[in-house]
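Working notes, structure below.
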Amino acid sequence: MKLQTTTLSRRQFVKVAASAGLALSIPAALSAAMRKETIKIGIITDLHQDLIPTGYERLSAFLADMKKINPDALLQMGDFAYPGDKNEKVISAFKNAHSKTLHVIGNHDTDSGYTKQQCINYWGMPGRYYAYQLKGICVLVLDGNDKGSPTRKSGYPAYIGPEQMTWLKEQLETVKEPLLIVSHQPLAGAGAVDNAVEIQALLEKHRNKILLAINGHTHIDAHYHINGIHYVHVNSASYYWMGEKYKHTIYDPVVHQQYPYLSYTCPYKDALFTTLTIDPVKNRIQLKGKASQWEGKSPEELHYQNSEMLHTGKEIVPRISDIRW
């Protein structure tokens with residue numbers, strides 16, 4: 001997970017903690033356009049089944065919690081599991097847990113020679129980007145892995161290309177339902193796609209239709225409010241990526257031998273995931289928080305530093321915040 005940062009001022013960055021759950025008011029025009037029934041979506045991201053030894057257990061914890069909550073759909077936001085027979089157990093568990101399962105292609109899902117088409121086929125996606133109608137809202141799922149960015153320097157592609165931008169513009173102009181924008185790579189803040197400013201400008205023209213933009217990828221806990229649009233980074237189910245410079249032993253050497261990149265991470269003891277609740281009666285959107293602890297040494301103990309304006313104990317934490325603004 002290589003972060004490619006779009007710099008925002010501290011004035012642009014908004015993140016306020018409280019105890020009652022991330023909640024924002026639905027604009028009156030959006031609320032009026034919605035059915036008067038609550039929508040719940042169970043969300044997990046960045047499981048990284050192929051990098052860690054506990055992927056199935058973490059997914060099982062998520063699915064067990066979702067069985068109690070009974071959401072209207074399940075959503076995984078990328079870096080899930082290589083789309084092949086080796087991961088059939090994990091992929092089938094997610095697929096069979098609900099009649100409505102939504103997928104997003106992450107940058108690591110096509111590592112080791114796997115392709116986007118395999119993700120589409122094996123996971124059961126309608127396309128690499130698509131629109132999905134759910135109880136009176138429209139979920140727009142983007143593919144942030146396009147090549148061809150004129151400003152790309154190195155690392156994985158993080159870009160929404162011209163073809164997809166044309167499609168996104170058409171959806172924003174023609175879809176009448178309130179919109180939930182979903183992507184793996186962020187559209188704002190740390191690790192944003194190369195053309196984030198262009199995308200933000202497009203979204204801002206249609207802010208009266210947009211409920212929220214939500215993403216994975218960064219393995220951080222953060223919220224950005226920019227020109228009327230809320231952008232939320234959902235933390236990884238599994239770990240924070242530290243990099244080779246911070247390589248350290250966490251588990252038994254046999255485990256590290258089987259999962260060589262595990263020592264580049266700071267894992268969470270428990271799986272992190274969340275539930276997005278959209279309530280047009282109360283005019284509220286909420287994301288449920290979940291907290292864990294570091295497994296082994298924390299980033300602070302390893303004296304971790306980065307160049308992305310991210311802070312240990314703030315954005316880099318083993319939790320998904322329960323916050324209100």
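The values are calculated or read from the model by the stated rules, or taken from the named source; none is laboratory data. Worth saying up front: this structure is predicted, and the values here are computed from it rather than measured. Note that each Cβ is placed from the backbone with ideal geometry, even for glycine, and that neighbours are counted across all protein chains shown.
Quick check on my filter: what residues within region 183-206 are in contact with a Leu (Cβ under 9 Å, 6 or more places away or on another chain), of a type outside the set (Gly, Ala, Ser) and either in a loop (DSSP other than H, G, I, E, B) or at pLDDT below 95 (or both)?
Selection gives His184, Gln185, Leu187, Val193, Lys205, His206.
In the list Thr174, Thr151, which residue meets the criterion of being under 15 Å from Lys209 (Cα atoms) and hydroxyl-bearing (Ser, Thr, Tyr)?
Thr174
Just need a number here: residues in region 155-182 that are surrounded by 20 or more Cβ atoms within 10 Å (Cβ to Cβ), without any contact (Cβ under 8 Å) to a residue 60 or more places away in the chain and assigned to a loop (DSSP other than H, G, I, E, B).
1
Every residue, every condition in (1) among the β-branched types (Val, Ile, Thr); (2) surrounded by 15 or more Cβ atoms within 10 Å (Cβ to Cβ); (3) in a strand (DSSP E or B), yes or no:
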{"site": "Leu211", "(1), (2), (3)": "no, yes, yes"}
{"site": "His219", "(1), (2), (3)": "no, yes, no"}
{"site": "Tyr231", "(1), (2), (3)": "no, yes, yes"}
{"site": "Thr249", "(1), (2), (3)": "yes, no, no"}
{"site": "His256", "(1), (2), (3)": "no, yes, no"}
{"site": "Cys266", "(1), (2), (3)": "no, yes, yes"}
{"site": "Lys282", "(1), (2), (3)": "no, no, no"}
{"site": "Tyr304", "(1), (2), (3)": "no, yes, no"}
{"site": "Leu310", "(1), (2), (3)": "no, yes, no"}
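When region 121-139 is examined, which residues are found to be in contact with a Pro (Cβ under 8 Å, 6 or more places away or on another chain) and either closer than 30 Å to Ala33 by Cα or free of Cβ contacts under 8 Å to residues at least 40 places away in the same chain (or both)?
Of everything in region 121-139, those that are in contact with a Pro (Cβ under 8 Å, 6 or more places away or on another chain) and either closer than 30 Å to Ala33 by Cα or free of Cβ contacts under 8 Å to residues at least 40 places away in the same chain (or both) turn out to be Asn121, Tyr122, Tyr132, Gly136, Ile137, Cys138.
Checking Leu24 against (1) modelled with pLDDT of 95 or more; (2) on the phi < 0 side of the Ramachandran plot: exactly one of these is not met. Which one?
Only one criterion in (1) modelled with pLDDT of 95 or more; (2) on the phi < 0 side of the Ramachandran plot is unmet by Leu24, namely (1).
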